[in-house]
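This report concerns only the one structure given below.
The values are calculated or read from the model by the stated rules, or taken from the named source; none is laboratory data. Predicted model, so just to flag it, every value in this text is computed and none were measured. Every residue, glycine among them, receives a Cβ derived from its backbone with ideal geometry; neighbour counts consider all protein chains shown. The area values use the complete protein model at the heavy-atom level, side chains included, leaving out ligands, DNA and RNA. Shrake-Rupley method; radii C 1.70, N 1.55, O 1.52, S 1.80 Å.
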Amino acid sequence: MNKNVKSKGYFGLIGLVAAITLGVLILIIGFILVRGIPNISLEFLTDSPRMMGKEGGIFPVIIGTLYVTLVSIIIATPIGVAAAIYFSEYAKKGKLINIIRFFTEVLAGIPSVIFGLFGFAFFVVFLGMGWSVISGGLTLSMMILPTLIRSTEESLKTVPVSYREGSLALGATKWETVKKVVLPCCKSGVLTGLILGIGRAIGETAAVMLTVGGSLKLPVSVFDSTRTMAVHLYTLASEGLSDEKTYATAALLIIIVLIINTLANYISGKLAKE
Amino acid sequence: MKTREKAIEKIILICAAVSTLAVALITIFIFSSGFPVLKSYGVFNFIFGENWRPTGGQYGILPLIAGTLGVTLGALIIGIPTGLGCAVFLAEMLKKRSARLFKAAIELLAGIPSVVYGFFGLAVIVPVIREYILPLVQKINPDASSSGFSVLAGAIILAIMILPTIVSISENSISAVPREFREASLALGADKRETITKVILPAAKSGIFSSIILAMGRAIGETMAVLLITGNMAQIPGSPLDSAATLTGTIAMEMSYATPEHQSALFAIGIILFVIIVILNSIAQAIMRKFGGMTA
Amino acid sequence: MKKKLLTGLLAAAVLVTSLGMAGCGSGGDSKDAAADKGSVVIAGSTSVQPLSEAVAEAYMDSNPDVTVEVQGGGSGQGIKSIEEKIADIGALSREVKDEEKASVADEYVVAKDGVAVVVNKDVKVNDLTLEQIKDIYTGKIANWKEVGGDDKPITVVSREEGSGTRGAFTEITGVLEKDDAGKETDKTTKDALVQPSTGAVKKTVGSTPDSIGYVSLGALDDSVKTVKVEGIEATVDNVLSGDYKIQRPFVYVVNSEMSDTAKAFIEYATGAEGQKIVEENGFIPVN
C-alpha cells in the first residue's frame, strides 16, 4: 500500500520535527542549568559584584530587576485592566474602538529596541529622568500593556452575560456590576496576564539597557540607575568577564522563567476548569 | 450617581486610549529625531546606499537591510516547516493531556529571554558553525571561510525564537477548523494525511499566514540575540556563513555615539524598522479580520 | 477608590524599598561638608569603566554618604551625557575633539593607557609594524602569510563606530585618513567583525582562530596573545617612555555645572590615592 507508506512517512516526519523542537528546548535549558547551577551559591545571591561582575555576586542586580519590574507592573496593571474593561464592557462598535484596538496591536508588535530609543529620547532626556528605575519602569510598562490587556480581556469574555444582567436587574449600576461581579470572576485571567508581563519585563534587555543604564550600585530611589539581570547577562556574555558568573546569571534567569511559566500555566489551568 | 458613572467611564476610556497615545508618542519622537538625516541625506540614498560609515558621514543602510533580511529569511526557512509540523503534531496527533504539556513546552520557549538565546548562540552555535559546519562546506568550496559569527547562526537562533509564534497561532486556527470538514473528508475515503494536507491546512491558511507574518515581524525586530552572534559587519552578506549587521543590532550598538547626525541616523533606522513592523502587523491583522479565525 | 488604593500602594512600595535600602547603607560616620554628600554619575567609555568602578569603590568606602554610579556607553556617550546633563562626569578614552570642546567646560586626564594589538593564540606572528597594522585594518593585507605567518585568512575584529579606543587606534595607525580639506575618513575594512566593548573584542579574538583585534592595555590577560608594535612590547614602561606608539589618555570631562561632589571625586581620582588605584589596575598614572 503506497498510500499507507506515504502516510507513515508523513506522520513520522512530523513526529521527528516535534521531537527535535522538544530536544532543542531541553538542550538550551539543560546546557545553561547544568553549567550554571553549580556556580550559584549563597554568596553569589547576596554579594555585590566586584570588578564589574568578574567577581562577587549579583545582589544589587537582583534587587534592581525586582525594582524595575515592580514599578512597571504597578504602572501597567491598573491601565491595562481598565483598558480591557473598556474593550469588553463599555465599548460600542464603531470607529473609535477599531482605532484603539488597532494601535494596541501595533504597540504589541513594536520591537524592543524601538521602545529603548523612545524611552531614551523621551523619559531619559526629554523629561529629564535620567537613566533610572522610573525611566525603565515606564518604558517597560508600555511594552507589557498589550499582554495585560489581551489576557484580561480574554478572561472578561468568559464571564457569562447572565451575571451582568442579573446584577443590573438588581439595580446595580454598570460600574458596580463590573467592580463587584465581573472583575472578581476573572481574577485568574488578570493574574496570568500579570505574570506573563512580569516575565517579559524580567527578560527584556535592549529597552532596559537604553533606559535604566548599567550601574552596579544598589538602587534606592526610583531615580537611581541600576542594572537588571538580563542587561548584566548581556554585559557578562559579550565581555567574557567570567564564564562562571555568566552561566550562573543565565541559569538564575532560566529558573525564574521556569517558575513564572509554571505559575501562569497553573493559574490558567485553574481558569480553564472554572 | 449618574455623574460618578460617567466619570468612571471617562477614566476607563482614557486608560484604553493609553496604548494609542503611547504609539503616537513613539511615532512622534522617533520620526522627529530621525527625520533630519532622512531629509538631508535623502530617503533613497539612505535606504539604497551601500556604505554604512557614520563617522565618514555615509549613511547607507542597504547592508543592514540585507543583513536583517538574510537572518529573517533564514529563520523563516527553518522555522516555518518546523513550526507547522509542531502545530499539526499538537492539534492532530496528540491526546489532550500530552498536548497541554507540549504546548507548555512551546510557551516556555517563548518565555526564555532573548539575551539567553544570544548567550546560548555565542557559547554553542557560533563555535559549532566554525568547527563543524565550515569544514563540511569547505569540502565543496575550499575557499569558504567563516568566523562562526554569521547569518546562519542568527537564523538558527531566530528560528527557535519565532517557533512559539508560528506554533500557537497556527495551532489555534487548525483547531478552529470545524469537525464537519474532517468528517466529510474522511467519509469520502481520504486518509488522515490527505485530510490534513488537503482539507485542514487549506482551511486554516489565514491563521497560518498571519502567524508567519507576525513571526517575521518578531525576527526583524529581535535585537540582543542577533547582536551577540552575527558579527555586526556592515556589509551585504554573500553567503549564510558571512557575518552581517542588522538594523536593530546597529541601533543598540551605536546609540552611544555622540554626533547628533549619527544619532539621528540611528533614529532614522528606527523609522524604517517601525514602518516595516507596522505594515507587517497591519497585514496580519487584516488577514485575520477578513477570514475570521483566531486572534493572536 | 481603586486609584487611591493604587497610588497608596505605589507610595508604600517606594517608601518601604527606600527605607530598607537606606537602612542597609547607613554605616560609618560622615563628614559634614557638602562635597561629601550626594551622588556622582559617570558615563562613557567602556575602556575607562573598570578603572572608574575601582576608583568609585574605594572612594565610597571612605565617603559613605557619597554614591558614585558608573555607566558604560562609549566615549561618545561620555560627551553626550554631560551635554544632556544626565551624567556629572563624562569618561573618554581619547582626546577631546575640537568640535566637542564647546560642550566641555573642563577636562582632567586621569590615566594613560596603551592600546595593545592582540591576536588569537594560534597566530604565529609576534611583531607587526604600524604600516602592516594599517594594511590589515584597511583590508590591503588579508592573509597572515603576507606578514610572516601561516597561509590563513585574517579575521579582523574592530570596535564599533564612535568608540574611543577605535578613534585612538585608527588615528595613530593611520587607518583614519585625513584629506587635504581635513575631512577624516575611517578606512577600516568592511570585512571586520565589530564588537561593542573592550571585553567583547578580547573574547572574540580569544575564541576565533586567525583573528586580530585591539584592546586596552589594562584589560590584557592570557586569553589572547599580544604582538609587539614596531618591535616594542606593549608595557606600562614603554607607554610612559613614549616608545610604544599606540596610546591614549583617559579623560574625565565635565560641563559648566559641576557639583562639589563631582569635583571632590575628580580630585580624589587624580590625587595620590586615586593614582595608586590607577596603577593597581594596570593603567598608567599621570601624576
Set Lys and Arg Cβ to +1 and Asp and Glu Cβ to -1, take the dipole of chain A about its Cα centre, and tell me which of A:Gly109, A:Leu168, A:Val220 lies farthest positive.
A:Leu168
Express the carbon and sulfur contribution to the solvent-accessible surface of the protein assembly as shown as a percent, rounded to the nearest whole number, probe 1.4 angstrom.
62
For A:Leu107, what charge total do you get from the other residues with a beta carbon under 14 Å from its beta carbon, if Lys and Arg give +1 and Asp and Glu give -1?
+2
Under the Karplus relation 6.51 cos²θ - 1.76 cosθ + 1.60, θ = phi - 60°, what is the ordered set of whole-Hz ³J(HN,Hα) values for the range A:133-138, x standing for Gly and Pro?
4, 6, 4, x, x, 5
So how far, in whole Å, is the C-alpha centre of the range A:229-253 from the one of the range B:78-96?
33
Using the Cα centre of chain A as the reference point, and only Cβ charges (+1 on K/R, -1 on D/E), how large is the resulting charge dipole? Debye, rounded to the nearest 20.
1060
Pseudo-spin-label distance B:Glu180 to B:Ser145, built 7 Å along Cα→Cβ, given in nm, is 6.6
Of A:Ser88, A:Phe31, A:Ile260, farthest towards positive along the dipole that unit charges on Lys, Arg, Asp, Glu beta carbons give chain A:
A:Ser88
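Where the only charges are on Cβ atoms (+1 Lys, Arg; -1 Asp, Glu), what is the dipole of the range B:2-290 about its Cα centre, to the nearest 20 debye?
Computed about the Cα centre, the dipole is about 1100 debye.
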In Å, the Kirkwood hydrodynamic radius of the range A:40-273 over pairs of distinct alpha carbons?
19.1
Loop sites in the range C:242-287: GluC sites (Glu not before Pro), DSSP, at most 11 other Cβ within 10 Å
C:Glu257
Total charge of the residues flanking C:Lys145 in space, meaning their Cβ is under 13 Å from its Cβ, with Lys and Arg +1 and Asp and Glu -1, is -2
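For C:Leu240 and C:Thr185, what does the FRET efficiency come to when R0 = 25 Å and r is the distance between their Cβ atoms, rounded to the nearest 0.05?
0.20
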In degrees from 0 to 90, rounded to the nearest 10, what is the angle of the helix C:164-173 Cα long axis to the longest principal axis of chain C?
30
Chain C: antiparallel bridges as % of DSSP beta bridges, rounded to 5, reads 60
Rounded to whole angstrom, the alpha-carbon centroid of the range B:1-49 lies from that of the range A:54-132 at a distance of 13
Estimate for me the total accessible surface buried between chains C and B (protein heavy atoms, probe 1.4 Å, no ligands or nucleic acids), in Å² to the nearest 100.
2300
Threshold 50 Å² - residues in the range A:159-194 whose accessible area is reduced by that much or more when the chain is no longer isolated, probe 1.4 Å:
A:Trp175
Value of [θ]222 nm, deg cm²/dmol, for chain C, DSSP H segments ≥ 4, -39500 (n - 2.57) each, nearest 500:
-11000 deg cm²/dmol
Neighbourhood net charge (13 Å Cβ-Cβ; Lys/Arg +1, Asp/Glu -1) for B:Gly67:
-2
Using a Förster distance of 25 Å, how high is the FRET efficiency between A:Leu168 and A:Lys270, based on the Cβ-Cβ distance and rounded to 0.05?
0.35
Working from Cα positions, state the angle (0 to 90°, nearest 10) between the long axis of helix C:49-62 and the longest principal axis of chain C.
30
Other-chain or far-sequence residues with amide H under 5 Å of C:Asn143's (modelled H)
C:Ile154
Quick check for me: using +1 on Lys/Arg Cβ and -1 on Asp/Glu Cβ, what's the dipole size of the range A:1-95 about its Cα centre, in debye to the nearest 20?
800
So how far apart, in nm, are the two label points at A:Thr158 and B:Thr3 if each is 7 Å from Cα heading toward Cβ?
4.0
How large is ³J(HN,Hα), in whole Hz, for each residue of the range A:173-190 in order, when computed from phi with the Karplus curve 6.51 cos²θ - 1.76 cosθ + 1.60 and θ = phi - 60°, using x for Gly and Pro?
6, 4, 5, 4, 4, 4, 5, 9, 10, 6, 4, x, 6, 10, 3, 5, x, 4
Summing both sides, how much accessible area is buried between B and A? Use a 1.4 Å probe and give Å² to the nearest 100.
6600
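Which trypsin sites (Lys or Arg not before Pro) does the range C:74-129 hold that lie in a coil by DSSP with at most 16 other beta carbons within 10 Å? Let's see the in-between values first.
Details: sites: C:Lys80, C:Lys85, C:Arg94, C:Lys97, C:Lys101, C:Lys112, C:Lys121, C:Lys124; in loops: C:Lys85, C:Arg94, C:Lys97, C:Lys121, C:Lys124.
The qualifying sites are C:Lys85, C:Lys97, C:Lys121, C:Lys124.
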Which percent, nearest 5, of DSSP beta bridges in the protein assembly as shown are antiparallel?
60
Residues whose modelled amide H sits under 5 Å from the amide H of C:Thr46, counting only those 5 or more places away in sequence or on another chain, are C:Gly73, C:Gly74, C:Ser75
Specify the inter-centroid distance of the range B:143-200 and the range C:219-266, based on alpha-carbon positions, in whole Å.
55
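Calculate the mean, over all residues of peptide C:251-258, of how many other protein chain Cβ atoms lie within 10 angstrom of the residue's Cβ. Write down the numbers at each step before the final one.
Working: counts 0, 0, 0, 0, 0, 0, 0, 0.
Mean partner-chain Cβ count within 10 Å for C:251-258: 0.
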Protein-protein interface of the range B:211-231, residues with accessible area decrease of at least 50 Å², isolated chain reference, 1.4 Å probe
B:Met224, B:Leu228
At what distance in nm do the modelled label points of C:Lys140 and B:Ser282 sit from each other, each positioned 7 Å from its Cα along Cα→Cβ?
5.1
Whole-Hz ³J(HN,Hα) from phi, Karplus 6.51 cos²θ - 1.76 cosθ + 1.60, for the range C:76-90, glycine and proline x:
x, 4, x, 5, 4, 6, 7, 5, 7, 6, 9, 9, 7, 10, x
Working note, the protein assembly as shown: Cα radius of gyration (Å, one decimal) and Dmax (Å, whole number) are 28.1, 93
Threshold 20 Å², probe 1.4 Å: give the residues of the range C:72-104, in number order, that are less accessible with all protein chains present than with their chain alone.
C:Gly73, C:Gly76, C:Gln77, C:Lys80, C:Glu84, C:Ile86, C:Lys97
Per residue solvent-accessible surface (Å²) - the protein assembly as shown, probe of 1.4 Å:
41
Interface A-C: total buried accessible area (1.4 Å probe, Å², nearest 100) of 2400
Check C:Thr67: other-chain or 5+ apart residues with amide H under 5 Å from its amide H, H built from backbone geometry?
C:Gly38, C:Ser39, C:Val40
